[in-house]
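Data block below; observations after.
The values are calculated or read from the model by the stated rules, or taken from the named source; none is laboratory data. This is a predicted model, so every value here is computed, not measured. Cβ placement follows ideal geometry from the backbone for every residue including glycine, while neighbour counts extend to all protein chains displayed. Note: accessible area is taken over every heavy atom of the protein model, side chains too, but ligands, DNA and RNA are not part of it. Shrake-Rupley method; radii C 1.70, N 1.55, O 1.52, S 1.80 Å.
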Amino acid sequence: MLDQPRPDTEGEAPEEVLHRVFGHPAFRGRQEEIVRHVMAGGSGLVLMPTGGGKSLCFQVPALCRPGLGVVVSPLIALMEDQVAAMRQQGVAAAALHSDLPDDQAREVKRDLARGAVKLLYVSPERLLLDGTLDFLERRSLALFAIDEAHCVSQWGHHFRPEYRGLGLLATRFPSVPRMALTATADPRTVEDIRAQLGLAESPVFRGGFDRPNIFISSEPRESERGQLRAFIKAAGDGTGAGIVYCGTRAKTEQTAEWLRGDGYDALSFHAGMEPGAKRDAHRRFARGDAVVMAATIAFGMGIDRPDVRWVAHLDLPKSPESWYQEIGRAGRDGLPARALLLYGAGDIALARHRILESPAGEEQKRIERARLEAMVSIAEAATCRRRILLRCFGEDGPENCGACDVCRNPPKLFDGTVPAQKLLSAVLRTGRRFGVAHLVDVLRGKVTDKVAQFSHDQLPTFGVGKDLSDQAWRGVARQLVAIGALDVAIENHGELVPTDAARPILKGEQKVMLRAEAVTAGAPRERNGRGAQPAMAGDPLFDALRSWRKREAEIQGLPAYMIFSNETLASIATMRPQDAEDLAMIPGVGRSKLERYADGVLRVVREDG
Ligand code: ADP
Ligand code: ZN
């Protein structure tokens, strides 16, 4: 990484820089409009889903406008990777943060002083030091970009007190454009960000929130490992990475362990790990080929890897916002990716109890409860899941997205009033003291030790449910929990307890529609468009290019995707460029990469004959 900086982009047109530096043929979505606005000196808030292409919105104007571009980023561990990626594109980028060894920090400052840096990534703490601010005040600045801007809001999921201080940029640098960028679209957080960062008068640019390349599905938890195994088999392509989100730290470790037993290169990550271990895990995730990360939600911010092929949740997320942000880490390269959500009645009840018992104020609890119930309705959806999800972000999706399990395999709804009554009456007759497993035994008429011990085979409800399978009965119980007719006594032994909402059902005053369900293990039967496999897996030239990329990445100590994305390699394998001119036409090949890699790539293509 000792390349001479090449800050010759100033004054160039944004389209030129997009093409020459980044190798992209055109702006996407609202990028062009945003870039124009900032080029003209405007500030604003950019809301786009993860993978929506936020980075270019500040990178391009930072390169085209005169002066230094300053990017505030909360995650030190990943700043280095962002800088390395920019340098691969031939941009003079540098990072300043508290983990930087003194000698390196001195070097960065020297480069800054002699104007050899075009884009500076900096942690908020470092930026807000008097010395840094004084230095910046004397410099010509292209813009400030505040990445992961939801960190400024106490309503957001990742509140960072040090982000609050960024409000002073508006007063100290009134003439420098300020851009805030986030994937969080929750209206309350958005308004808070605008207020905190002095952007109340500036426009909000909202990108489309749909990520149609992510196939989403949700299943009741039946056999967690079996379901996850089947999902990974269907979703993994042997090259990209996957993430398994777990509800607890212990579960991340257990999950990583059994996945390793299955032969996956699996790691775990949670907030309780040593900083060094976290950093290592981040790096291994970024750099490995097919890596699986079992993590709590602490793993996330700043995952730039574009080829995450799948994201699985083993426990119910607490809101659609968190879930969407987490699954949005899949398929940033635009290729097909998958998300699977597993959940059970216990998750729903536990999350409700946590909110009830949290010390938060009533208003905050009301918001959290609404978010949780929205999440439950997505998990339990009988109509297009994506449509329900997008509605949470104020967007109207199509009636049927065609890329979720419900659209692909619509569940059959049936009048479940009678089974619901049978289950509720079994709950009452057994004295509200038993969990779902025992109740199912009673309904199915199984004489277990426990049934004999309590003489439950003498009850009128004993054996009245032989018409449904065990799994179907668990489904009835879970759906009754989801609609609030049953509660799970989390603080005791998970016994099912009827609520007031059960009464009209028992009395036959209220009909209950239930979903007939079968566990399909995450795999839709037929595939959408290109399918989950990269179009080229198994193609000899594509594979040869991937080995070349792997060697190249190892030599430079970089993640493979920073050299070229899978998509770019696939295009190369298809187009078979014969010379540098052909190669330059391929999306993802900018000038810097052309200079670096044309020889290597063309040699691989020629050798393939
Ligand atoms: P975000 O920061 O919003 O999560 P990124 O900026 O990392 O998303 O972009 C996601 C992916 O989309 C990256 O691989 C990036 O190279 C690609 N991308 C962004 N803009 C364009 C574009 N105009 N044309 C082609 N690819 C793009
Ligand atoms: Zn759908």
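From the cross-link list Lys365/Lys507; Lys251/Lys278; Lys422/Lys446; Lys466/Lys507; Lys446/Lys511; Lys118/Lys550, which pairs have alpha carbons spaced over 24 Å apart? The partial results should precede the final answer.
Numbers: Lys365/Lys507 32 Å; Lys251/Lys278 17 Å; Lys422/Lys446 16 Å; Lys466/Lys507 22 Å; Lys446/Lys511 28 Å; Lys118/Lys550 29 Å.
As for pairs spanning more than 24 Å Cα to Cα, those are Lys365/Lys507; Lys446/Lys511; Lys118/Lys550.
Of the peptides 138-149, 577-588, how do they stack up when ordered by the mean number of other Cβ atoms within 10 Å, highest first? Walk me through the numbers on the way to the answer.
Details: 138-149: 21.3, 577-588: 15.2.
The most tightly packed comes first, giving 138-149, 577-588.
Quick one: compute a quarter of the convex hull surface over the Cα atoms of the chain and quote it in nm².
Projected over every direction and averaged, the Cα hull of the chain covers 29.2 nm².
Beyond 18 Å, how much of the Cα-Cα pair distribution for region 253-357 remains, as a whole percent? Can you show the working numbers first?
On the way: 2921 of 5460 pairs.
Tail fraction, whole percent: 53.
Would you work out what percent of the accessible area of region 214-408, with all protein chains in place, is carbon or sulfur (probe 1.4 Å)? Provide the component values of the computation, followed by the final result.
Values: 3610 of 7000 Å².
Carbon with sulfur: 52 percent of the solvent-accessible area.
So what are the ³J(HN,Hα) numbers for region 142-148, from phi and the Karplus equation (6.51, -1.76, 1.60; θ = phi - 60°), rounded to whole Hz, Gly and Pro as x?
For region 142-148, the Karplus-derived couplings read 7, 4, 10, 10, 10, 7, 6 Hz, x marking Gly and Pro.
With the radius of gyration and the Kirkwood radius both derived from the Cα set of region 85-165, what is their ratio Rg to Rh?
Working: Rg = 13.8 Å, Rh = 14.0 Å.
With Rh from the inverse mean 1/r over Cα pairs, Rg/Rh is 0.99.
How many nm separate the modelled label positions at Phe454 and Glu16, each set 7 Å beyond the Cα in the direction of the Cβ?
So the label points at Phe454 and Glu16 sit 7.8 nm apart.
If you find the alpha carbon centre of region 425-475 and of region 206-285, how far apart are they in angstrom?
That distance is 36 Å.
Under the Kirkwood approximation for Rh and a Cα-based Rg, what ratio Rg/Rh is obtained for region 206-295?
On the way: Rg = 14.2 Å, Rh = 14.3 Å.
Using only Cα positions, Rg/Rh for region 206-295 is 0.99.
Rounded to two decimals, what is the ratio between the C-alpha radius of gyration of region 214-408 and 2.2 N^0.38 Å? Don't skip to the end; give the middle numbers.
Working: Rg = 16.5 Å, N = 195, 2.2 N^0.38 = 16.3 Å.
Output field value: 1.01.
Within region 540-608, what whole-number % of the accessible surface is contributed by carbon and sulfur, with the 1.4 Å probe and all protein chains included in the calculation?
On the way: 1610 of 3230 Å².
Summing carbon and sulfur atoms, their accessible area is 50 percent of the total for region 540-608.
For Arg354 and Asp608, compute 0.36 nm times the residue count separating them, minus their Cα-Cα distance, and round to one decimal in nm.
On the way: separation 254, 0.36 × 254 = 91.44 nm, distance 5.92 nm.
85.5 nm is the gain from fully extending Arg354 to Asp608.
Which order, highest average first, do 440-446, 98-104 follow once you tally other Cβ atoms within 10 Å for each residue and take the mean per peptide?
On the way: 440-446: 20.9, 98-104: 11.0.
With the highest mean Cβ count within 10 Å placed first, the list reads 440-446, 98-104.
How much length is gained on full extension from Lys109 to Val447, taking 0.36 nm per residue of separation minus their Cα-Cα distance? Before the final figure, lay out the partial values.
Values: separation 338, 0.36 × 338 = 121.68 nm, distance 7.66 nm.
Full-extension gain reported as 114.0 nm.
So how do 77-88, 544-555 stack up, highest first, on mean other-Cβ count within 10 Å?
77-88, 544-555
By how many nm would the segment from Ala277 to Arg503 grow when fully extended, if each residue of separation counts as 0.36 nm and the alpha-carbon distance is taken off?
Details: separation 226, 0.36 × 226 = 81.36 nm, distance 5.28 nm.
Additional length available on full extension: 76.1 nm.
Per the Debye formula with a single identical scatterer at each Cα and no solvent contribution, what log10 I(q)/I(0) holds for region 38-125 at q = 0.11, 0.14, 0.23 Å⁻¹?
Summing over Cα pairs of region 38-125 leads to -0.31, -0.51, -1.30.
Taking θ as phi - 60°, what are the ³J(HN,Hα) couplings along region 436-445 by the Karplus curve (6.51, -1.76, 1.60), each to the nearest whole Hz, with x for Gly and Pro?
Karplus values, whole Hz, x for Gly and Pro: 5, 4, 5, 4, 5, 4, 5, 4, 7, x.
For the chain, give me the percentage of DSSP beta bridges that are antiparallel, rounded to the nearest 5 percent.
Values: 7 of 56 bridges.
So the antiparallel bridges in the chain amount to around 10 percent.
If you consider only alpha-carbon coordinates, what radius of gyration and Dmax does region 14-206 have, in Å?
Radius of gyration, then largest Cα-Cα span, for region 14-206: 15.5, 44 Å.
Which number comes out as Rg/Rh for region 540-608 once both Rg and the Kirkwood Rh are worked out on C-alpha atoms? If you can, show how the numbers build up before the last one.
Values: Rg = 10.6 Å, Rh = 11.7 Å.
Over the Cα atoms of region 540-608, Rg/Rh equals 0.91.
Leaving out ligands and nucleic acids, note down the accessible area per residue over region 214-408 with a 1.4 angstrom probe, in whole Å². List each step's numbers first, then the result.
On the way: 7000 Å² over 195 residues.
About 36 Å² of surface per residue is accessible.
Scan around Leu141 for amide H atoms under 5 Å from its own, H built in the peptide plane at 1.01 Å from N, and keep only partners 5 or more places away or cross-chain.
Here Leu68 satisfy the definition.
To the nearest 0.05, how large is the calculated FRET efficiency for Ala370 and Thr248 if R₀ is 22 Å and r is the Cβ-Cβ distance?
Working: r = 25 Å, r/R0 = 1.12.
FRET efficiency, Ala370 to Thr248: 0.35.
To make sure I understand the rule: partners must be aspartates and glutamates, Cα under 17 Å from the Cα of Lys593, and not fewer than 8 residues away in the same chain. Which ones qualify?
Asp3, Asp8, Glu16, Asp81, Glu552, Glu554, Glu567, Asp579, Glu581, Asp582
Mean residue ellipticity at 222 nm from the helices of the chain, using -39,500 (n - 2.57) per DSSP H segment of n ≥ 4 over the full residue count, to the nearest 500 deg cm²/dmol?
Details: 28 runs with 270 residues, N = 609.
Using -39500 (n - 2.57) per qualifying helix, the result is -13000 deg cm²/dmol.
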